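Below you'll find the structure, written out as structure tokens, and then a few comments.
No value in this document is a laboratory result; all are computed from the given coordinates. Just so we're clear, the structure is a prediction, and the values are computed from it rather than from any experiment. Because the Cβ atoms are built from the backbone with ideal geometry, glycine has one as well, and the counts that use them run over all protein chains shown.
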Amino acid sequence: MQRSDRWVGLVLATLGLIVVWSASAFPNVPGQKLGAGFLPMIVGGGLVVCALALLVRSFRGAAYAGDKAAQPARREHFGSSFIIIGAVVGYILLADRIGFLLVAPLCLLAAFLALRVTLPRALLWALVGTVLVHVAFYKLLRVPLPWGVLRPFY
Amino acid sequence: MDAVATAFGLVFQPYVLLVILLSAMYGLFVGAIPGLTATMATALLVPVTFFMAPVPAVAAIVTATAMAIFAGDIPSALLRMPGTPASAAYADEAFLLTKKGQAELALGAGLVFSVLGGIFGVLVLIVAAPALAEVALKFSSFEYFWLVMLGFTCAIFIAGTDPLKGVVSLLLGLLIACVGLENPAGAPRYTFGNAELTGGIPLIPLMIGMFAISEVLRFASGLDKPAMAIDRPFGNVFAGMWVLIKKYKLQLLRGSALGTAVGALPGAGADIAAWMSYGISKKFSKEPEKFGTGHIEGIVESGAANNSALGGAWIPALVFGIPGDSITAIAIGVLYLKNMNPGPMLFVENPQNIYAVFIVFILAQLLMLPLGWMAIKIAKRILRIPATVLMPLILLFCVVGSFAINNSLFGVIVMLVAGVVAFFMERWGFPIAPTILGVVLGTMMEEHFFSSLIKADGNFLAFFERPIAAVLGVLTLLIWGWPLFRRLWARKTAVAAA
């Protein structure tokens, strides 16, 4: 926990400085000394102060409440999380081009396989899931899910 | 009285009743599956409620959350895995009872005291909200500014274990709220020339990301399969409940009261209410040595507390537009979408809608007895559904739901980024609740701050001139000053001792 605090602190401090710097460019409310930059200024300043406090605390090595809440060690598969994030990115990039009915089963399939569902089962559920969501959102709720290359079959 | 009759008419329609029944079943299902939280249930419901009239939309959320918080107790008793974080406080206790062959007692107490606690919370909501709204009608921007500040303060100092990280979370939320045109000067902030960003970060996709996508990612990063602790059919779960109610009436009352109060505090919800109640129950118990060995007393008190917190959380949400927990934070988003802007005027202009919400609350608690009983009966079958199949389906649902709010892929992008950020925040010990509070209340705080400042002509002391504003302001400053004061005091006594 404390090791992550160090570089999280650095990132937060940088973010805070950027926010403070950007805040000075925002205009004031007419007739007032303050304006659109006030809240970002407070937020940025606050982030810098908190980031420094985090850094100081982590280098002092003092134990603090957050340590006690640390989770017990578990097996971790970050690979699966990455595939799931990738599936959503794929959806964002492809949905308008190839259409919901093609991109959704691919995303589902990737996610199922990432979670170690067997291939036949994954294929089945990818199809069932796509049809379910299509019926629920496109047919019942009338959400204009993209058709993409399937437009001619619409 | 007309409004009450209208409210009954609004609720007792086949369509609304069907929505209530379906969302009850949905809430029980989601609550019972470990890894799917009550907040996630709410976030997933929003895209669907988006297409409903205000009353059924709110009814769906109220019912689903009440059921989900109870249903979280089921896998606690059977798998030692809380179905929702709100059941985590007494999951071990319930599981040990099951091990002792008393699964019926653990599950029955979970159900009955959830209902009783829930009803307590609703009654307080019904009495307190209109009374508070009367007072709130006289509030000006000064009072609202301090209320929001007090809300932030509660979320950081009461709800979190690490105030420093809580402050960081809040600041990140406020930063997100800064994005867009909606600020006192009407200047574009952090829009980077993007047309979608000028409207600000859309709230609902953000919440779906923070509460649902982050859970999917967490699930994917650690697959553990728990073992079922019981393989015989259940007996009568209601046996012995009357004895428990009589024996533990004080605990029931204390848990419900504490739960409602914690629920009403911004940023702290059912899960914190349960933890606090469990602790208090143990502290004041006549037999504290039995806690942690499969003892029902703690389940009675904290089981009542987590359900009463739901009603409590709606008090500040309806009266001030300040969410009492993450669930009401999402619900407030829905209220705005439905043109039921929360605030005291809602009680004046649309009392029938408020009464309808109250009626739904009571209905949901009453429905919980039969439906909860059925859920327990089929629990073993529900729990056998592999989460590895559910999670990808939820993922697709989140994607399409985030898209549906504005029919824009921008919502999906917001959802994904929010989900990844929330996943890492939780990993590194940064609480999510203050961030959500910052996003929901950031614009409101800035608006009230500037209108106060203009009224006061730049004089900061004016923030303390009105009596209620002064009390709220001093209270806020005292809570912030308390850690510093305590440290100084400790140093002083240490010096005196040396």
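Between B:Thr6 and B:Lys99, the simple spin-label model (points 7 angstrom out along Cα→Cβ) gives 5.7 nm. Residues A:Tyr138, B:Tyr15, B:Tyr248 in ascending order of nearby Cβ atoms (within 10 Å, fewest first): B:Tyr15, A:Tyr138, B:Tyr248. Computed from phi, the 3J(HN,Hα) profile of region B:298-313 under the Karplus parametrisation 6.51, -1.76, 1.60 (θ = phi - 60°) reads x, 5, 4, 6, 7, x, 5, 5, 5, 7, 5, 4, 4, x, x, 5 Hz, with x in place of Gly and Pro. Partner aspartates and glutamates whose Cα lies under 17 Å from the Cα of B:Lys138, excluding those fewer than 8 positions away in the same chain, are identified as B:Glu349, B:Glu465. Cβ-to-Cβ counts within 10 Å put B:Leu150, B:Leu475 in ascending order as B:Leu475, B:Leu150, the fewest first.
The Cα atoms of chain A cover 59, 53, 23 Å along the three principal axes, with the biggest extent listed first. Pairs exceeding a 23 Å alpha-carbon distance, out of B:Lys249/B:Lys283; B:Lys165/B:Lys338; B:Lys99/B:Lys380; B:Lys100/B:Lys282; B:Lys249/B:Lys286: B:Lys165/B:Lys338. Evaluating 6.51 cos²θ - 1.76 cosθ + 1.60 at θ = phi - 60° for every residue in region B:86-94, the Karplus couplings come out as 5, 9, 4, 4, 10, 4, 4, 4, 5 Hz, glycine and proline recorded as x.
Here the protein assembly as shown is described by how far its Cα atoms reach on the three principal axes: 74, 72, 63 Å, from widest to narrowest.
In the calculated pair distance distribution of region A:2-68, what percentage of Cα-Cα distances lie above 21 Å? Tail of the P(r) past 21 Å holds 38 percent of the pairs.
Grab the beta carbon distance between A:Thr118 and A:Ser24, set R0 = 41 Å, and tell me the FRET efficiency rounded to 0.05. Efficiency for this residue pair is about 0.10.
Spread over its residues, the convex hull of the C-alpha atoms of region A:78-153 is 84 Å³ per residue.
A simple rule links phi to the HN-Hα coupling: the Karplus curve 6.51 cos²θ - 1.76 cosθ + 1.60 with θ = phi - 60°, which for region B:113-128 gives 7, 5, 5, 5, x, x, 5, 4, x, 5, 4, 4, 4, 5, 7, 6 Hz, with x for Gly and Pro.
Taking all C-alpha pairs of region B:2-465, those more than 37 Å from each other amount to 22 percent.
Projection of the Cα convex hull of region B:112-262, averaged over all directions and equal to a quarter of that hull's surface, yields 15.7 nm².
Amide H contacts under 5 Å for A:Gly35: A:Val29, restricted to partners 5 or more places along the chain or on a different chain, H placed in the peptide plane at 1.01 Å from N. Only lysines eight or more places from A:Lys33 in sequence, or on another chain, were considered; those with a Cα closer than 28 Å are B:Lys455.
The H on the amide N of B:Phe291, modeled in the peptide plane, is under 5 Å from the matching H of no residue at least 5 residues off or on a different chain.
This ranking places A:Trp7, B:Trp373 by how few other beta-carbon atoms lie within 10 Å of each, fewest first, which gives A:Trp7, B:Trp373.
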